[in-house]
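The values are calculated or read from the model by the stated rules, or taken from the named source; none is laboratory data. Since this is a predicted model, take the numbers as computed values, not measurements. Heads up, the Cβs are rebuilt from the backbone with ideal geometry, glycines too, and the neighbour counts pull from every protein chain shown.
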Amino acid sequence: MKKLLLLLSLGIFSALQPARAGDITGVITLKGVPPAEKDITPLKDDATCGALYDTMPTTHFYVVSPQGELADVVVSLKDVTGKSTGASAPPAVLDQKGCVYLPSILAIQTGQKLIVKNSDPCVHNVHTSPTANPEVNEVQMPGGADLTFTFDKPEPFLKFRCDVHPWMFAWVTVVDSPYFAVTGKDGKFTIKNVPPGKYTLEAAHRKLGAQTANIEVTDSGATQNFTFEVK
């Protein structure tokens, strides 16, 4: 009888336990040969910015490893809104260094602070070109104070530019939840602590577009890979 009661108690206890969150992992690869990157000739011709380089700087629109692993892909759960933890998340950082934005592709949450630095010996202006959030345009002097931005609405690839140096661009994707990642040079991503359930996972590259996949996350997580193709 005691054994039966113990088993019943354990069963009830297990049923009351919340499902554990899992991680979504995967690798993004590129099929085909991407277009050649272009020399940033105006940068090299600029007296101040050009002096920061020994060789001609180039664009980095397609960051691909020798094995075809694709960086700078924003991977996120679609249609998951109102779950942002951005107000309590550590600030993200966007730097202006060598008269380019670093990183050029970034993702943050709604309400999360974005710190913009100027590590260059020249003036920049940080000018956003949003579609959902208010436009911002602020001057930042060399050695000047950091600028802080927050965005209230989700938006893919919100454009940052510098009007002083028109080759300078960055794209910041704003997500309304913590369930996103940006692939590194190895093409890998991890989205941590996703509650179990069925979701649509999106992988978006600024030049190659977006793909989606239906996935189911269990307490042991889920794995989903994507392949983009150069056409």
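Only one entry of SER129, SER104 meets the criterion of being modelled with pLDDT of 95 or more, farther than 30 Å from LYS198 by Cβ and touching a His at 6+ places or on another chain (Cβ under 7 Å), and that entry is SER104. Applying the selection to the range 84-107, what residues are in a strand (DSSP E or B) and over 22 Å from GLY144 (Cβ atoms)? If the condition is that a residue be in a strand (DSSP E or B) and over 22 Å from GLY144 (Cβ atoms), then ILE105, ALA107 are the ones that fit.
Of everything in the range 130-188 that is exposed (fewer than 13 other Cβ atoms within 10 Å of the Cβ) and of a type in the set (S, T, N, Q), the residue that is nearest to PRO103 (Cα to Cα) is THR148.
State all residues of the range 87-100 that are over 14 Å from the mean Cα position of the chain (by Cα) and either closer than 30 Å to ALA47 by Cα or not hydrophobic (A, V, I, L, M, F, W, C) (or both); if no residue qualifies, say none. Step through it out loud before you land on a result.
Filtering the range 87-100 for residues over 14 Å from the mean Cα position of the chain (by Cα) gives 87-90, 95-100.
Listed by number, the residues that qualify are SER88, PRO90, ASP95, GLN96, LYS97, GLY98, CYS99, VAL100.
Taking every residue in the range 57-81 that is farther than 24 Å from TYR179 by Cα and pairing it with any residue that is in a loop (DSSP other than H, G, I, E, B) and among the β-branched types (Val, Ile, Thr), at least 6 positions away or on another chain, the pairs with Cβ-Cβ distances below 7 Å are PRO57/ILE40; THR58/ILE40; THR59/ILE40. Of the listed requirements (1) farther than 17 Å from ASP46 by Cα; (2) modelled with pLDDT of 95 or more, GLY143 misses just one: (2). Picking from residues in the range 206-231 that are in contact (Cβ under 8 Å) with a residue 24 or more places away in the chain and among the acidic types (Asp, Glu), the one that is surrounded by the most Cβ atoms within 10 Å (Cβ to Cβ) is ASP219.
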